[in-house]
Amino acid sequence: MGAYADTESTLVRLTQRGVVLGVVSDVGWDLRATFAHHGLDHYFSSWVHSYEHDTEKPDPLLFQHACRELGVAPEETLMVGDPPAKDGGAAGAGLRSYVLPGRATPGSRRGLDAVLRLADRV
């Protein structure tokens with residue numbers, strides 16, 4: 001996993017606004033080291049890995065667990081992810097969801113400026 005060019009600037013702006021951030025992932029390992037490798041781990045205060053919960057996305061329970069860990073209500077939460085078949089489970093858990101369009105090459109801009117606009121509406 002490589003970071004996109006607009007990842008860190010988006011995370012900085014969200015945390016400056018007081019937005020708490022979490023990760024919900026289906027990969028079979030703990031993502032903290034990967035995020036740390038890119039200098040991004042410190043932006044996140046919740047890490048929900050499906051392998052630790054004996055289920056996988058799109059199970060709404062994973063997204064609900066992340067909300068509890070973050071101390072936020074699902075209806076006050078914006079989930080950003082891809083692909084829709086997996087991350088659509090967030091909507092089933094009551095979260096607002098933004099599924100990133102298409103695929104992008106690591107190092108390119110991902111269009112995360114839309115996340116900043118959407119976060120203002122949650």
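Each value in this text was obtained by applying a stated rule to the coordinates, not by laboratory testing. Only a predicted model underlies this, so the values are computations on that prediction, with no experimental measurement involved. Because the Cβ atoms are built from the backbone with ideal geometry, glycine has one as well, and the counts that use them run over all protein chains shown.
Computed over the chain, the per-residue total of -39500 (n - 2.57) for DSSP H runs of n ≥ 4 gives a 222 nm mean residue ellipticity of -8500 deg cm²/dmol, rounded to 500. Loop sites only, by DSSP: take the trypsin sites (Lys or Arg not before Pro) in the chain that have at most 15 other C-beta atoms within 10 Å and name the longest stretch containing none of them. It runs 18-102. Between Leu116 and Glu75, full extension at 0.36 nm per residue minus the direct alpha carbon distance yields a gain of 13.0 nm. Hydrodynamic analysis of the chain uses the Kirkwood radius over alpha carbon pairs. Inserted into Stokes-Einstein at 10 °C and 1.306 mPa s, it gives a translational diffusion coefficient of 108 µm²/s. Between Val80 and Tyr98, the built amide H atoms are under 5 Å apart, and every one of these is 5 or more places off in sequence or on another chain.
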